[in-house]
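This report refers to the structure that appears directly beneath it.
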Amino acid sequence: MTTTTFWILETQRTAYSLGVSPAGRLIHTYWGPKLPYREDYPIPQESREWASFNHPEQLTPEEYPAYGDYKFIDPCLKVTFPDGTRDLVLRFDHAEQDAQQLQIVLKDTHYALNVVLIYQVHPSLDLITRSIRLENQTDAPITVERVFSAQWHVPQGDGYHLSHLTGRWIDEWHLQREPIYQGIKRIESRRLTTSHHHQPWFAIDRGHADEDRGEVWFGVLEWSGNWQIAIESDIFHRTRVNIGVNDWDFALRLASGERYTTPPSTAGYTEHGFGEASRLLHDYIRTEILPHGTIPHQVLYNSWEATLFNVDVQSQGDLAEIAAAMGVELFVMDDGWFHGRSFDHAGLGDWWPNHTKFPDGLAPLIERVNGLGMDFGLWVEPEMVNPDSDLYRAHPDWVIHFPSRDRTEARNQLILNFARLDVQEYILDQMDRLLRDHRIAFIKWDMNRNVSQPGWQTEEHDPREIWIRYVEGVYRVWGILRERHPQVIWQSCSGGGGRADLGILRYADQIWVSDNTEAAARLGIQWGFSQVFPANTMEAWVTDWNQRQLSLTFRFHVSMCGALGIGGHLINWSKSDRDLAARLIALYKAIRPVVQLGDQYRLLRQTGFYAVQYLGKDRQNGVLFLFRTHAPHPTETPRLYLRGLDPNARYQIEGFDQIRSGLAWMRDGLQADLSDDFSSAVYRITRVNG
Ligand code: GLA
């Protein structure tokens, strides 16, 4: 046992301090820039009583407040003990710390329930990861009604603003920014997955931060199920963020001796605006979350928008031939290839090749694709079942349902209950077999509906645990498949961006960001997505949407801002389109390392214009994308000021004659001219040595 009762968690540029008050309460004292001296950090103190209505326990910024005592703030933890007591009084017991981790153990003053606060510091990323472990050391089960991962406190004060993301299917990733008023603002998912509608991400600033400047406190929940973020601001000028698994319709039965660990929440602080907040998350995702975060993704082709469910050896082979000639490296066959599948009303659950479409199985197509020099990938939707399938006919009880209720179908499908071990084992076996029997380099894992009638017939668990056990089941199956087939690259899709989060990115290498592939709409979608996620996770196809208005070059340039893919109907592309595509794919391959693995700077978003810059970590090479959508006349292309360059080094920007210092390109900028609506330009940035 250590005797320390005050901790300062330091990163390269930030510090976070907390400690135990004389009354034994764990108190948050500071989060911001690193301070010069240890004595600078405020020591933990109980606040003074304000009135009989506001005792110190409501006013003291507790690090992890539980429901109980004389406290009315939004708590992080709520439990019911076997005797019916619903009051939790946590006091410091002991702590353990090494270079990587701090664990602080709080105990209830009467019942043997331990609440372990776990902190992990990421020094070079200025981030801290928190999670909670509950340990029931009583001899009876405890009902847990809420267990969030963290409460994050911003400094006492007013005038804060919240940035968050909203959306819906084919319209994800809208960046919102609004003042934080007194009261509670909740964003959440109740859909079983992360959802298209909100993201488990927040950024809080003092009202005047921009992309480059200003303090920002930001964070995420690393979880792919129901979640909640609640920002509470009170009249005592305190603002705190609760973040964790949603307690909507939730309960967890913690048996005697059992433990439960929450998903992690990672958060950070920067003085350099929203741009740097994003870049810190990008680096964290690439270096610590993603399975293959430092390898650039291949240029892929996906068949969905071209052939929909009408896939067969001929149609796919024809597409593959054109794709290969253009320089595509990976050919992905989407929906429609498996037993019983001709449209969306049947087949899900029966994961073997459709013998009408593929009489000799998938091998002939895969061989053809491989023979063209490309890898082969496949679409699956493992958590789903159509009532019209062999699997459902054999196991109608395997879906999420209440026996007395109709089973609401969405897209003609029901959800297999991945909380059940037998379901997990069956799907694991099916997917494993697919991967063992075929040369598959890439899997797109889809999920095309949300939950209804969330019943689970279980004796062992509280049925309301389904919200967490389902997600743990998905993680388990995916994790085992990853271990057995480590070379496979996985994409997370849920009707586009319905399951994009840092939890799934421990299993999936990239995300299908949206089913909306209209390039002009995509600019806004990509802007929102980049708040949290790096470009290598952003699969982006060039398709035929709005091709009358949007040139092929424009469509390519938009997709080249992420992991480039092609999804158009290549048979209909003219020879000159295919030649142009080949040139743009070659250009993409040259800039791919800086786009996918470099630093991203969102330069400009204003009526009719977007500009994004990527710069290699060594600041030698970069690329600048500029887009004009519809800008009413009269208008001029805004001047662009580059970011991140070495100020004293000299750089050449493609298309501009002068070689200038990094400082000149950043402070004096450059004037491009996009005079036509829906036009775009790419400028490579090269450091000139000597
Ligand atoms: C979802 C995906 C699409 C496609 C279809 C196939 O909608 O988002 O990209 O894979 O399913 O049914």
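The values are calculated or read from the model by the stated rules, or taken from the named source; none is laboratory data. Predicted model only: the values in this text are computed from it and were never measured. All Cβ positions, even for glycine, are placed from backbone atoms using ideal geometry, and neighbour counts span all protein chains on display. Areas reflect the complete protein model, heavy atoms only, side chains present, ligands, DNA and RNA absent. Shrake-Rupley method; radii C 1.70, N 1.55, O 1.52, S 1.80 Å.
Among the residues of the range 195-252, the ones that are within 19 Å of the chain's Cα centre (by Cα), of a type outside the set (D, E) and part of a loop (DSSP other than H, G, I, E, B) come to 10 in all.
Scanning the range 463-488 for residues that are β-branched (V, I, T) and either within 16 Å of the ligand (Cβ to nearest atom) or open to solvent by less than 20 Å² (accessible area, probe 1.4 Å) (or both) yields I466, I468, V471, V474, V477, V488. In the range 58-73, the count of residues that are crowded, with 18+ Cβ neighbours inside 10 Å, in a loop (DSSP other than H, G, I, E, B) and among the β-branched types (V, I, T) is one or more.
Please verify whether V385 is more than 25 Å from H485 (Cα to Cα) and not acidic (D, E), treating the condition exactly as stated. Here the answer is no, as V385 does not meet what is asked. Residues satisfying the criterion are absent from the range 340-352 (criterion: of a type in the set (S, T, N, Q) and surrounded by 18 or more Cβ atoms within 10 Å (Cβ to Cβ)).
Just one of the listed residues (V89, V79) is surrounded by 15 or more Cβ atoms within 10 Å (Cβ to Cβ), in contact (Cβ under 8 Å) with a residue 24 or more places away in the chain and assigned by TED's automatic domain parsing to the domain that holds R240, and it is V79.
Residues checked against (1) part of a loop (DSSP other than H, G, I, E, B); (2) not β-branched (V, I, T); (3) not assigned by TED's automatic domain parsing to the domain that holds Q316:
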| residue | (1), (2), (3) |
| --- | --- |
| P382 | yes, yes, no |
| Y392 | no, yes, no |
| H401 | yes, yes, no |
| L414 | no, yes, no |
| Q424 | no, yes, no |
| I427 | no, no, no |
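Only residues that are open to solvent by 60 Å² or more (accessible area, probe 1.4 Å) and of a type outside the set (D, E) were counted across the range 373-394, and they come to 3.
For (1) crowded, with 19+ Cβ neighbours inside 10 Å; (2) touching a residue at least 40 places away in the same chain (Cβ under 8 Å), each residue gets a yes or a no:
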{"site": "R583", "(1), (2)": "no, no"}
{"site": "Q596", "(1), (2)": "yes, yes"}
{"site": "G608", "(1), (2)": "no, yes"}
{"site": "A611", "(1), (2)": "yes, no"}
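For R368, state whether it is touching a Gly at 6+ places or on another chain (Cβ under 7 Å) and either open to solvent by 60 Å² or more (accessible area, probe 1.4 Å) or of a type outside the set (K, R) (or both). Against the criterion (touching a Gly at 6+ places or on another chain (Cβ under 7 Å) and either open to solvent by 60 Å² or more (accessible area, probe 1.4 Å) or of a type outside the set (K, R) (or both)), R368 qualifies. With respect to V105, determine if the residue is outside any loop (DSSP other than H, G, I, E, B) and without any contact (Cβ under 8 Å) to a residue 24 or more places away in the chain. When the stated conditions are applied, V105 passes them.
Quick check on my filter: what residues within the range 636-664 are among the β-branched types (V, I, T) and surrounded by fewer than 16 Cβ atoms within 10 Å (Cβ to Cβ)?
Narrowing the range 636-664 to residues among the β-branched types (V, I, T): 637, 653, 659.
Within the range 636-664, just I659 meets the criteria.
G567 satisfies every condition listed in (1) out of contact with any strand residue (DSSP E or B) (no Cβ under 9 Å at 6 or more places or on another chain); (2) within 16 Å of the ligand (Cβ to nearest atom) except (1). I'd like to check something: does the range 454-461 contain any residue that is more than 16 Å from the ligand (Cβ to nearest atom), open to solvent by less than 30 Å² (accessible area, probe 1.4 Å) and among the aromatic types (F, W, Y)? There is at least one residue in the range 454-461 that is more than 16 Å from the ligand (Cβ to nearest atom), open to solvent by less than 30 Å² (accessible area, probe 1.4 Å) and among the aromatic types (F, W, Y). All conditions in (1) buried (at least 24 other Cβ atoms within 10 Å of the Cβ); (2) within 16 Å of the ligand (Cβ to nearest atom) hold for G495, with the sole exception of (1).
Residues that are free of Cβ contacts under 8 Å to residues at least 60 places away in the same chain and away from the ligand (no atom under 11 Å from the Cβ) within the range 338-351 comprise F338, H339, G340, S342, D350, listed in sequence order. Hey, can you tell me all the residues within the range 377-424 that are touching a Lys or Arg at 6+ places or on another chain (Cβ under 7 Å), away from the ligand (no atom under 16 Å from the Cβ) and either within 30 Å of A324 (Cα to Cα) or free of Cβ contacts under 8 Å to residues at least 24 places away in the same chain (or both)? Hit for the range 377-424 is V399, nothing else.
Looking at the range 321-337 only, could you name the residues that are small (G, A, S) and either within 16 Å of the ligand (Cβ to nearest atom) or not assigned by TED's automatic domain parsing to the domain that holds H569 (or both)? Within the range 321-337, G336 is the sole residue that qualifies. Filtered by the rule that a residue be of a type outside the set (S, T, N, Q), in contact with a Leu (Cβ under 7 Å, 6 or more places away or on another chain) and away from the ligand (no atom under 16 Å from the Cβ), the range 287-306 gives I289, L290, P296, V299.
Results for (1) open to solvent by less than 10 Å² (accessible area, probe 1.4 Å); (2) assigned by TED's automatic domain parsing to the domain that holds F338, shown as yes or no for each residue.
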| site | (1), (2) |
| --- | --- |
| I243 | yes, no |
| A251 | yes, no |
| L254 | yes, no |
| S265 | yes, no |
| G268 | yes, no |
| D283 | no, no |
| A306 | no, yes |
| L319 | yes, yes |
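Scanning for something within 26 Å of W490 (Cα to Cα), open to solvent by 10 Å² or more (accessible area, probe 1.4 Å), out of contact with any helix residue (DSSP H, G or I) (no Cβ under 7 Å at 6 or more places or on another chain) and assigned to a helix (DSSP H, G or I), does the range 285-302 turn up at least one residue? So far as the range 285-302 goes, yes, one or more of its residues are within 26 Å of W490 (Cα to Cα), open to solvent by 10 Å² or more (accessible area, probe 1.4 Å), out of contact with any helix residue (DSSP H, G or I) (no Cβ under 7 Å at 6 or more places or on another chain) and assigned to a helix (DSSP H, G or I). Of all residues in the range 674-688, those that are of a type in the set (D, E) have Cβ atoms under 9 Å from Cβ atoms of residues that are open to solvent by less than 50 Å² (accessible area, probe 1.4 Å), 6 or more apart or on another chain, in D676/R628; D677/G608; D677/R628; D677/T629; D677/A631.
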